[in-house]
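In what follows, a single structure is set out as structure tokens and then discussed.
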Amino acid sequence: MSKEQKIKEVFNRGEGVLRLIPNYVPRAWGKAGRRLRLHPDDYYAMGVSRGEIKERWFSSICPAYANEDAPEDEGMSYVQTGEGMDGKILLKDFIDTLGKDIIGSELIEKYGTWPMYSKFFDFGTPLFDHVHLTHETAANVGRKAKPESYYFPPQLNSYEGEFPYTFFGFDCGVTKEDVKKCLENFEVCDNRITELSKAYRLKLGTGWYVPAGVIHAPGSYLTYEPQWNSDVNAIFENVTAGEVNAYESLVQQVPEEKKHDLDYIMTMLDWDKNIDPNFRETYFRPPVMAREEAGFSEKWISYGNDYFCAKELTIKPGQTVIVKDPACYGCIFVQGHGEFGIFKDAESAQILRYGQTSADEYFVSEDAAKKGIKIVNHSNTEPIVILKHFGPNNHEAPRAK
């Protein structure tokens with residue numbers, strides 16, 4: 001059987017629903033929060049030199065560009081096609097082969113592919129103050145901008161980590177010259193750039209939207225992050241929790257001739273968004289009820305942008321429901337067990353070994369989403385909780401204020 005035939009056979013067998021394989025990404029910086037439900041022995045499974053596993057990516061056709069010495073497929077999701085890891089096929093190959101049959105005409109016509117992914121981001125220490133490139137500066141190095149959003153799921157945050165606060169933007173009185181002075185000190189002394197910012201205490205069950213070009217230093221909650229198909233950043237902080245960030249981390253995605261041009265580096269910031277005096281009002285995302293029915297409820301947890309959205313779906317104990325959506329989506333079970341479409345053994349993970357398959361992650365085609373997914377909660381005591389990430393074509397999502 002050819003790969004194309006296998007893809008169509010698996011897609012039809014799943015009635016438009018695919019089960020995905022856990023997709024881990026190490027990072028050489030920071031300290032892992034160890035809340036990914038990965039076995040404690042496996043956080044260095046990709047090699048000590050590559051750092052601990054700190055992220056799990058969902059529904060991704062985007063490689064982990066920011067990682068040096070990474071395999072070509074690092075960060076890219078694979079589909080389970082049979083038992084175990086045998087015969088796994090990239091989700092990207094499914095989308096390239098099936099096109100509108102899996103993600104619908106709107107995404108194909110506008111983007112030619114599935115344009116977003118999500119992840120669990122799990123650092124036990126604060127992350128460096130950094131920015132994801134704007135559309136213009138990303139294009140200068142052949143990359144895409146990366147707007148992203150945050151949601152803090154209670155199920156994966158039994159402890160807060162060392163610093164459950166996130167710095168966003170700059171205080172509205174900060175000037176460009178103040179920031180440039182910090183950059184001038186990058187190789188001289190601790191540039192203390194977060195002194196120019198504001199820190200917000202994180203609250204479980206809520207989230208934020210972070211446009212490309214907005215500087216931020218994430219706190220130590222495990223975070224669910226729907227985002228655009230990109231892996232680009234520039235690190236503006238040179239010392240973070242005692243760890244030194246090399247100058248190259250600031251300019252790794254800057255044209256060679258601009259690597260010491262501070263005026264160019266400053267263009268990676270969307271200045272007006274960074275000094276928004278109403279930053280919290282503009283970008284904080286409390287949950288918004290989408291619908292509440294007899295056996296289930298859904299809340300919008302990422303919304304108010306042009307790139308992606310996400311919902312938290314809760315199925316009450318012992319209930320059987322059919323849940324419909326207007327667009328394709330990826331999803332991850334974070335609590336409970338039961339049935340999801342044709343898959344009779346869907347369940348949130350408790351502890352996984354690296355390289356093991358799971359029954360907690362799925363991708364749902366547009367047609368299957370519109371027809372509705374039958375979900376059965378086999379527990380009489382616990383809800384099923386599923387986080388669902390959509391591209392920009394779910395037009396039911398609330399708009400920005």
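The values are calculated or read from the model by the stated rules, or taken from the named source; none is laboratory data. Remember, it's a predicted structure, so these values are computed and weren't measured experimentally. Glycine gets a Cβ as well: all are built from the backbone with ideal geometry, and neighbour counts include every protein chain shown.
Miscellaneous remarks
- Residue identified as over 20 Å from the mean Cα position of the chain (by Cα) and in the same structural domain as ASP276 (by TED's automatic domain parsing) among LEU222, LEU202, LEU262: LEU262
- Subset tally (residues that are in contact with a helix residue (DSSP H, G or I) (Cβ under 6 Å, 6 or more places away or on another chain) and without any contact (Cβ under 8 Å) to a residue 40 or more places away in the chain) for segment 101-111: 1
For (1) in contact (Cβ under 8 Å) with a residue 24 or more places away in the chain; (2) within 23 Å of ASP101 (Cβ to Cβ); (3) under 21 Å from the mean Cα position of the chain (by Cα), each residue gets a yes or a no:
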site	(1), (2), (3)
GLU281	yes, no, no
PRO317	yes, no, no
GLY330	yes, yes, yes
PHE340	yes, yes, no
PHE343	yes, yes, no
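- From the list GLU162, GLU177, the lone residue that is closer than 26 Å to TYR43 by Cα and in the same structural domain as SER230 (by TED's automatic domain parsing) is GLU162.
- Qualifying positions in segment 86-99 - surrounded by fewer than 16 Cβ atoms within 10 Å (Cβ to Cβ) and touching a helix residue (DSSP H, G or I) at 6+ places or on another chain (Cβ under 9 Å): GLY87, GLY99
- VAL48 meets the conditions (1) crowded, with 19+ Cβ neighbours inside 10 Å; (2) free of Cβ contacts under 8 Å to residues at least 40 places away in the same chain in every case but one. The failed one is (1).
- Selected residue [surrounded by fewer than 20 Cβ atoms within 10 Å (Cβ to Cβ), out of contact with any strand residue (DSSP E or B) (no Cβ under 7 Å at 6 or more places or on another chain) and either more than 30 Å from ARG37 (Cβ to Cβ) or not aromatic (Phe, Trp, Tyr) (or both)] from ASN157, ASN140: ASN140
- Qualifying residue in segment 116-129 (condition: assigned by TED's automatic domain parsing to the domain that holds GLY75, over 30 Å from PRO277 (Cβ atoms), in contact (Cβ under 8 Å) with a residue 24 or more places away in the chain and out of contact with any Phe, Trp or Tyr (no Cβ under 7 Å at 6 or more places or on another chain)): yes
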